[in-house]
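For reference, the structure is listed below as structure tokens.
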Amino acid sequence: MSNDSHRFSGRTVIVTGAGAGIGRATVERLLSEDARVIAVDALEERLAHLPEAADDRLVVVAADITDPEAAARILGAAGAQIDGLANIAGIMDGFEPTAEIDDATWDRVLAVNLTGMMRLTRAVLPGMVERGRGSIVNVGSEAGQRGSAAGTPYTTSKHAVNGFTLSTAFFYSPKGVRCNVVAPGPVATSIEAPFHSEWAQQRLGPLFQTNLPPVAQPQQLASAIAWLLSDDSSNVSGAVLSVDGGWAAV
Ligand SMILES: NC(=O)c1ccc[n+]([C@@H]2O[C@H](COP(=O)([O-])OP(=O)(O)OC[C@H]3O[C@@H](n4cnc5c(N)ncnc54)[C@H](O)[C@@H]3O)[C@@H](O)[C@H]2O)c1
């Protein structure tokens, strides 16, 4: 997507989950608005397919955000001035209800969706505070607004993303750093969401048939993320913005 806006001229923004779906659309949107983008994904081959940017404004970093060393490498690639961070990388669970959770799924979902986000946010904050300016956008989910949109591990992780965001906004808004959530409903991406539970299928299936809004395109999420990263949202911090076609209103 290209447009006439230059909201990110001279700005550097880190985007995780940059190789596909909402992350990729966000990279494209930010590049089209003149940002310098640090594109992070665990799958290196996906980063190879990102569009070229003029003036070397695109820097790719293959990194798994659950790796404790990842944040230092990403910040090293970004350089001293980081204006924005979009924590977009995330994975689904297998719609496991509580009694059917396996430890590996629980640990992985929380590690990617929550701990990875925390580590990178923790790492960028000191520089943002020093400059008195920064915007952090965390991608949550409609599953962070209710109990009936995913399995228990994913639902737990996305509710925690909201809490993490509110607490970060509380502590750092007075220092000039804003922190917000974009909460998507269903979006056409490569995320995998297999049903591993018969009980979950019985319980959620009818709700999904009647309540789900139309599937959105990743660009519709990218425009909201870009808005929150930009100065156009300069008085918004601690918000959970549903970008879900009205699902949260059901
Ligand atoms: N697609 C939806 O319907 C939907 C709905 C609500 C919320 N979300 C959220 O949107 C975000 C983006 O998801 P998407 O739908 O674009 O998925 P996607 O699978 O298309 O893209 C996610 C990208 O993140 C990368 N990634 C996964 N784990 C990583 C890790 N540990 N380190 C670095 N990169 C990693 C993947 O390689 C992938 O390229 C996620 O946080 C997801 O929970 C998606």
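Looking only at the stretch 69-94, which residues have a backbone nitrogen under 16 Å from a spot 7 Å from the Cα of Phe170 in the C-beta direction? No residue passes the distance filter. What FRET efficiency do you get for Ala249 and Ala188 if R0 is 22 Å and r is their Cβ-Cβ distance, rounded to the nearest 0.05? Using R0 = 22 Å, I get an efficiency of 0.55.
Evaluating kT/(6 pi eta Rh) at 10 °C and 1.306 mPa s, with the Kirkwood radius of the stretch 12-244 over Cα pairs in the Stokes-Einstein relation, gives 90 µm² s⁻¹. Extension gain, Glu100 to Phe195, is 33.0 nm, computed as 0.36 nm per intervening residue step minus the present C-alpha separation.
Couplings 3J(HN,Hα) for the stretch 28-37, derived from phi with the Karplus relation 6.51 cos²θ - 1.76 cosθ + 1.60 (θ = phi - 60°), are 4, 5, 5, 4, 5, 10, 6, 6, 8, 10 Hz, where x marks Gly and Pro.
When Phe208, Phe95 are compared by accessible area at a 1.4 angstrom probe, the order from most to least is Phe208, Phe95.
Within the accessible area of the chain, what % is carbon and sulfur when the probe is 1.4 Å and the other protein chains stay in place?
On the way: 5910 of 11220 Å².
The computed percentage sits at 53.
The order of Met92, Met128, Met118 by accessible area, most exposed first and with a 1.4 Å probe, is Met118, Met92, Met128. Phi-derived couplings, Karplus 6.51 cos²θ - 1.76 cosθ + 1.60 at θ = phi - 60°, listed residue by residue for the stretch 82-93: 10, 9, x, 9, 10, 7, 10, 3, x, 10, 8, 9 Hz, with x used for Gly and Pro.
The values are calculated or read from the model by the stated rules, or taken from the named source; none is laboratory data. All figures in this text were calculated on a predicted structure; none of them were measured in a lab. Using ideal geometry, Cβ is built from the backbone for each residue, glycine included, and neighbour counts are taken over all protein chains shown. In case anyone asks, the SASA skips ligands and DNA or RNA and just uses the protein heavy atoms, side chains included. Shrake-Rupley method; radii C 1.70, N 1.55, O 1.52, S 1.80 Å.
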